[in-house]
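Notes follow the structure.
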Amino acid sequence: MSRLNLMIAVAMLTLASACTQTATVGTDADNQVIAAIMSRRSIRHYKPEPVPRELMNRIVECGINAPSGMNRQPWEIRVVDNSAMLDTISKLQLQMLDSTRRAQMESQPGFRNIFRNAPTVAFIACPVDGGQLDCGMLCQNMMIAAQSLGIGSCCLGGPIRFLKTDEARFFVEQLGFSPEYQLLLAIGFGYPDEAPEAKPRDASKARYVN
């Protein structure tokens, strides 16, 4: 066989192999991305140990590789795994609640903090003039990456409302966001201490338009 014919034969075998692989990829069991998306749940009970920083670094890296309009990357992330800081924030918010609501929260089994007891919390900020959509994609990347690494997550809005009050301004200042940035949301991360079932999804809300 001539050298040219040999090269053509190798190219055809490579192409055939690629086509075969493409045809078999896509099942939930084989596609790790789809598996992570479909298996992820919002976790509200965590084991006490924080997420190792090498894993959080990888999760954050996946987050900042999310798409953004004109590549503005309009996000800033601050990761807190200092339990003392999370506990202090929680105690201050509890003091501001009425007695009934405070008792409800403190009576939850194993209550440690207002971040659903997550031992590691990522705070996300964006410019005051926009960027929320891009930050949403960043957060989804982070949560899916966490799921693939065996780390649970939950997107948190309640603590953010408290952190935007005058009483909690000191804690936001400690996070050290750039001027003209506002705190948008937080994500709790940790090793899951529960395995919730998936909530029903309404497939009728997605359809093709002919």
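The values are calculated or read from the model by the stated rules, or taken from the named source; none is laboratory data. The structure displayed is predicted, hence computed values, not measured ones. Cβ placement follows ideal geometry from the backbone for every residue including glycine, while neighbour counts extend to all protein chains displayed.
Applying the condition of being surrounded by fewer than 14 Cβ atoms within 10 Å (Cβ to Cβ), among the charged types (D, E, K, R) and not in a loop (DSSP other than H, G, I, E, B) to the stretch 76-98 and asking which residue is modelled with the lowest pLDDT yields K91.
Take M56 and decide whether it is under 16 Å from G152 (Cβ atoms) and of a type in the set (A, V, I, L, M). Yes.
Across the stretch 179-210, which residue is farthest from E49 (Cα to Cα) among those that are in contact with a Lys or Arg (Cβ under 9 Å, 6 or more places away or on another chain) and in a strand (DSSP E or B)? Filtering the stretch 179-210 for residues that are in contact with a Lys or Arg (Cβ under 9 Å, 6 or more places away or on another chain) and in a strand (DSSP E or B), the one farthest from E49 (Cα to Cα) comes out as Q182. Examine the stretch 80-92 for a residue that is within 25 Å of H45 (Cα to Cα), in contact with a Ser or Thr (Cβ under 8 Å, 6 or more places away or on another chain), in contact (Cβ under 8 Å) with a residue 60 or more places away in the chain and not aliphatic (A, V, I, L, M), and state whether such a residue exists. No, the conditions are met nowhere in the stretch 80-92.
Rundown of residues vs (1) farther than 27 Å from R169 by Cα; (2) among the hydrophobic types (A, V, I, L, M, F, W, C); (3) modelled with pLDDT under 95, yes/no style:
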| site | (1), (2), (3) |
| --- | --- |
| D28 | yes, no, yes |
| I34 | yes, yes, yes |
| P74 | no, no, no |
| A103 | no, yes, yes |
| P109 | yes, no, yes |
| I114 | no, yes, yes |
| N117 | no, no, yes |
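Checking each residue in the stretch 128-161 for being assigned to a helix (DSSP H, G or I) and under 10 Å from the mean Cα position of the chain (by Cα) picks out G136, M137, L138, C139, Q140, N141, M142, M143, I144, A145, A146, Q147.
Residue-wise test of (1) in contact (Cβ under 8 Å) with a residue 12 or more places away in the chain; (2) surrounded by fewer than 22 Cβ atoms within 10 Å (Cβ to Cβ); (3) among the β-branched types (V, I, T).
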| residue | (1), (2), (3) |
| --- | --- |
| P74 | yes, yes, no |
| E106 | yes, yes, no |
| F115 | yes, no, no |
| C126 | yes, no, no |
| Q147 | yes, yes, no |
| I151 | yes, no, yes |
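Output the number of the condition that A125 fails; it satisfies all remaining conditions of (1) within 22 Å of I59 (Cβ to Cβ); (2) part of a helix (DSSP H, G or I). The number of the failed condition is (2). In the stretch 143-176, the residue that is nearest to M38 (Cα to Cα) out of those that are at pLDDT 95 or above and of a type in the set (G, A, S) is S148.
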